[in-house]
1. Look through the range 4-26, keep the residues that are at pLDDT below 90 and under 19 Å from G99 (Cα atoms), and return whichever of them is surrounded by the most Cβ atoms within 10 Å (Cβ to Cβ).
2. Scan the range 353-400 residue by residue and report those that are of a type in the set (K, R) and surrounded by fewer than 18 Cβ atoms within 10 Å (Cβ to Cβ).
3. Between a residue in the range 220-243 that is basic (K, R) and any residue that is part of a strand (DSSP E or B) and surrounded by 11 or more Cβ atoms within 10 Å (Cβ to Cβ), which pairs come within a Cβ distance under 7 Å, given they are 6 or more apart or on different chains?
4. Exactly one of (1) within 16 Å of the ligand (Cβ to nearest atom); (2) part of a strand (DSSP E or B); (3) among the hydrophobic types (A, V, I, L, M, F, W, C); (4) in contact with a Phe, Trp or Tyr (Cβ under 9 Å, 6 or more places away or on another chain) is unmet by L354. Its number?
5. Out of all the residues in the range 46-57, which are touching a strand residue (DSSP E or B) at 6+ places or on another chain (Cβ under 6 Å) and either modelled with pLDDT of 80 or more or of a type in the set (A, V, I, L, M, F, W, C) (or both)?
6. Every residue in the range 323-342 that is surrounded by 14 or more Cβ atoms within 10 Å (Cβ to Cβ) and touching a residue at least 60 places away in the same chain (Cβ under 8 Å), please.
7. Hey, can you tell me all the residues within the range 283-317 that are assigned to a strand (DSSP E or B) and more than 16 Å from the ligand (Cβ to nearest atom)?
8. Please tell me if V261 is β-branched (V, I, T) and modelled with pLDDT of 90 or more.
Amino acid sequence: MALGAGFVRVSTGSQDEASQIKVIEGDAVERGVTIVKWFRLHGYSASHGTQEPALREMIADIARGDYSTVIVTESSRLDRRDDLDAQAEILLAIRSAGGDVISISEPQFGRTDFAGRVVTLVAQHANAEKSKTVKRTTYRGIMMIRDNKAHHGPLPAFWATEGVRYAKQAWCEDPAAVVDIYERVASGESLLSVGRAYDLYPNSVKNVIRFAANHTGVVECSWTHEGQTETWAHKVAPVVDSALWWRANKVLEANMSESRVNKGGRPVASPANWMSGLLDCPACAGKLYLNAGMTPAKHWRTGKPRVPKPRTPKLRCGGHAKRRLSCGEFTGIDAQPVIDVVAGMFASDTTEILAFQRVAGNAHELDELHAGLRKIQARLSATEDDDELDTLVAERKAIKARIEGFVIVADRFDYAPTEQTVAQMWNTGDDTLKRGMARAVKASWGMALAEHDGQWRIAVGQNTPTDQMGIVDLGNGLCFRR
Ligand SMILES: [Zn+2]
């Protein structure tokens with residue numbers, strides 16, 4: 001029985017490794033070849049020839065006599081480089097080491113007869129051409145886009161392109177929404193909250209804020225080909241003024257600081273209630289979950305059918321994060337009284353919510369001037385109108401003069417009052433927000449079930465003297481303290 005190697009190459013993100021292996025295994029059985037070694041190459045861009053080391057190893061194996069047959073699904077798996085000589089070299093090296101290449105989809109591949117060699121070369125040439133053609137057509141397309149000063153590249157939410165291929169114009173579909181998002185972020189509203197208002201992920205909100213063309217009116221497009229980067233300016237209608245753009249981006253920068261890390265905890269797939277998973281089990285310190293809904297339609301032990309009834313919501317031990325098993329010691333309590341106590345505590349708390357924000361400094365004004373300068377520079381590179389050019393040069397001069405005369409007072413950030421109280425936040429918040437607030441209080445002051453005279457009570461901050469009750473960090477730069 002002949003011995004062989006299977007050679008599989010898939011690009012990153014491709015699902016077809018398993019199917020290639022299956023095809024090769026089936027073919028090997030038919031030919032009476034036993035596969036003794038597999039080469040599995042991942043994420044290799046065919047046109048770069050990075051599979052060289054694997055091929056060298058294969059040739060060495062064959063020369064040693066480990067196996068003599070190499071099976072691939074298509075010759076392009078073995079090599080698809082631009083260099084036809086290098087391809088021929090690999091095939092020749094395999095053959096002169098005494099090996100044979102079987103390409104399942106090209107029966108003539110690698111045969112020694114004249115016709116076979118022609119087919120081989122044609123197949124290899126086609127592979128090389130495929131790579132070249134893809135590159136060439138992409139390059140031509142990009143150069144047309146550049147010459148048209150058209151748009152190429154990603155755009156944030158509320159931006160779209162219109163027009164024919166190679167001449168696409170980017171434009172803002174909803175300027176009012178974009179301006180509103182900048183104003184909300186600039187005034188300290190959390191990304192999560194802005195995202196909720198516009199059905200966007202917090203990251204997408206960030207991308208809108210950071211999109212410089214929103215104030216410069218110029219999208220810097222670029223494309224890299226064979227180590228050379230082409231850049232060109234694509235003109236669009238600006239949506240916000242530079243001052244607002246800069247204010248919002250400054251808030252984003254403050255967001256990056258440690259005090260703005262999300263403290264919401266592990267996401268819950270389908271939260272029955274903000275209380276679920278909040279409190280610790282008094283017996284095992286696992287988590288207590290809300291057990292509500294309907295009773296099962298079958299008896300859990302006998303399997304007899306029963307009429308489902310609504311459950312009285314109970315807080316039961318759900319064990320620890322990975323092993324979700326009840327400890328069995330804490331048998332559960334009615335949830336509603338506990339929910340009422342905690343909800344009542346938040347709903348009547350008039351403590352002010354504080355937000356991390358700038359309380360002193362004028363550096364942002366200088367930043368705004370620099371932003372204005374960049375906007376002018378961007379427009380200077382894109383304009384072909386003489387009058388506009390004159391105006392821009394004059395504006396540039398004026399801004400430069402103001403920058404030179406600027407006296408900086410350093411920025412200082414601190415927690416300062418918002419116009420919201422704990423009660424307002426609680427009463428208008430959804431389950432996720434309530435869970436976050438309750439978790440934050442638990443983390444800072446402590447919140448636990450405690451037994452008093454046979455009755456379960458909820459105790460908040462019981463072990464902390466009132467004058468030492470720390471800041472409750474709500475995440476996203478918000479907090480409150482007593
Ligand atoms: Zn427990």
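1. Once the filter is applied, the top-ranked residue is F7.
2. Narrowing the range 353-400 to residues of a type in the set (K, R): 358, 374-375, 379, 396-397, 400.
Correct list: R374, R396, K397, K400.
3. Every condition considered, the pairs that remain are K235/V218.
4. (1)
5. Here is the first cut: in the range 46-57, the residues touching a strand residue (DSSP E or B) at 6+ places or on another chain (Cβ under 6 Å) are 51, 54.
A54 - this is the single residue of the range 46-57 that is touching a strand residue (DSSP E or B) at 6+ places or on another chain (Cβ under 6 Å) and either modelled with pLDDT of 80 or more or of a type in the set (A, V, I, L, M, F, W, C) (or both).
6. Within the range 323-342, I333, A335, V338, I339, V342 meet the criteria.
7. As a first pass, look at the range 283-317 and keep what is assigned to a strand (DSSP E or B): 287-291, 294, 298, 305, 310, 314-317.
Within the range 283-317, M294, K298, P305, P310 qualify.
8. Working: β-branched (V, I, T): yes; modelled with pLDDT of 90 or more: no.
When the stated conditions are applied, V261 does not pass them.
The values are calculated or read from the model by the stated rules, or taken from the named source; none is laboratory data. Only a predicted model underlies this, so the values are computations on that prediction, with no experimental measurement involved. Cβ coordinates were reconstructed from backbone atoms using ideal geometry, including for glycine residues, and neighbour counts include every protein chain displayed.
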